[in-house]
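Accompanying notes for the structure given below.
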Amino acid sequence: MSPLLDPINEFFLANTGRPLIGNGANGAPGTGANGGDGGWLIGNGGAGGSGAAGVNGGAGGNGGAGGNGGAGGLIGNGGAGGAGGVASSGIGGSGGAGGNAMLFGAGGAGGAGGGVVALTGGAGGAGGAGGNAGLLFGAAGVGGAGGFTNGSALGGAGGAGGAGGLFATGGVGGSGGAGSSGGAGGAGGAGGLFGAGGTGGHGGFADSSFGGVGGAGGAGGLFGAGGEGGSGGHSLVAGGDGGAGGNAGMLALGAAGGAGGIGGDGGTLTAGGIGGAGGAGGNAGLLFGSGGSGGADDLTSPTAGRRPRGQRRHGLRLRRRRRQRRSWPGLRRRDRWGWRHPRADR
């Protein structure tokens with residue numbers, strides 16, 4: 001900083017805790033410290049520090065939480081959240097939330113949840129939520145991914161996406177972590193006044209149980225479309241269900257509710273793996289628009305790709321009637337112009 005700006009920043013730091021112009025400091029790795037806020041006028045927020053490994057009780061303890069990202073200034077981006085600490089046998093640390101932007105800038109991404117090293121027990125940490133976009137311009141932050149695990153530990157849930165600004169789309173939800181049961185995907189962030197809702201995060205992969213459920217799509221702003229639901233997680237046993245689509249805004253002109261997420265693949269670890277069900281489509285706007293389409297079931301789902309039984313029979317009857325009419329040798333009759341027609345079912 002210049003000699004002229006330093007006294008001004010020191011005054012603002014002493015009285016408000018953040019400078020007038022300048023970026024916030026990053027949190028130190030392994031401490032879980034929050035990132036510093038950016039300057040009130042111009043500046044990006046600092047990134048949160050990652051969590052320590054096994055801070056609760058030493059090596060066998062839970063991972064520490066990641067620090068939150070600092071807020072951006074009037075012009076500046078929010079800082080990214082720190083990653084959660086790794087646990088040896090407990091619960092992975094949760095990721096820190098991304099910092100919010102103020103007027104012009106993007107929200108910070110949420111930190112990833114911490115993983116678990118042990119082969120038995122425990123759960124991955126949840127991903128941090130994405131930061132909100134600036135009021136006028138900027139993208140919303142993406143939710144952090146859930147923590148990955150080994151053996152019988154459960155995957156962590158993904159973090160929710162940040163909310164969009166006036167014209168921005170909501171942030172994408174974080175993916176669920178992989179484990180014996182997949183973690184759920186994070187919900188998509190809500191859209192701004194004219195923005196669409198964010199897409200839900202994908203469910204996590206499961207190696208011996210159910211795949212993670214896809215995250216729900218974010219709701220559209222007053223004039224925005226709903227976000228799509230996240231797809232269900234794949235599994236060696238039973239795929240996860242797709243997430244529901246987000247609802248369109250009340251006054252969204254022609255905008256549709258979000259489509260439901262696709263169900264996850266069921267595997268072959270057991271006979272007849274079960275595919276996940278597709279998510280429900282979002283509702284249309286109150287005055288205009290159309291509802292979102294439901295998500296497709298996976299091919300291994302019991303109901304995937306089937307038509308209603310009565311509809312199939314009805315089509316077969318029609319085809320039989322057409323073949324019979326073409327093959328009838330019956331009487332022919334002339335119309336008043338002299339044309340002959342085959343006998344019809346009259």
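Laboratory data are not the source of any read-out in this text; all were calculated from the coordinates shown. Just so you know, these numbers come straight off a predicted model, no measurement behind them. Using ideal geometry, Cβ is built from the backbone for each residue, glycine included, and neighbour counts are taken over all protein chains shown.
From the backbone phi of region 77-93, what are the Karplus-calculated ³J(HN,Hα) couplings (6.51 cos²θ - 1.76 cosθ + 1.60, θ = phi - 60°) in whole Hz, Gly and Pro given as x?
9, x, x, 6, x, x, 6, x, x, 7, 9, 7, 8, x, 10, x, x
Rounded to whole Hz and in sequence order, give me ³J(HN,Hα) for region 199-208 from the Karplus expression 6.51 cos²θ - 1.76 cosθ + 1.60, θ = phi - 60°, writing x for Gly and Pro.
Result, rounded to whole Hz: 6, x, x, 6, x, x, 6, 10, 9, 9.
How big is the gap, in Å, between the Cα center of region 120-139 and the Cα center of region 1-30?
Value for the Cα centre distance between the two parts: 26 Å.
Could you give each residue of region 134-143 its phi-based ³J(HN,Hα) in whole Hz, using Karplus coefficients 6.51, -1.76, 1.60 with θ = phi - 60°, and x for Gly or Pro?
Each residue of region 134-143 in turn: x, 4, 9, 9, x, 8, 6, x, 7, x Hz.
Taking square-rooted eigenvalues a ≥ b ≥ c of the alpha carbon gyration tensor, is region 67-213 rounded, prolate or oblate, where a/c under 1.5 means rounded and, failing that, a/b exceeding b/c means prolate? Numbers along the way, then the final one.
On the way: a/c = 5.24, a/b = 1.93, b/c = 2.71.
It is oblate, given that a/c is not under 1.5 and a/b is not larger than b/c.
Please arrange H234, H202 by counting, for each residue, the other beta carbons lying within 10 Å of its beta carbon, fewest first. Don't skip to the answer; put the middle values down first.
Details: H234 26, H202 33.
Exposure proxy ranking, most exposed first: H234, H202.
Could you tell me the center-to-center distance, by alpha carbons, between region 202-225 and region 230-247 in angstrom?
Value for the Cα centre distance between the two parts: 7 Å.
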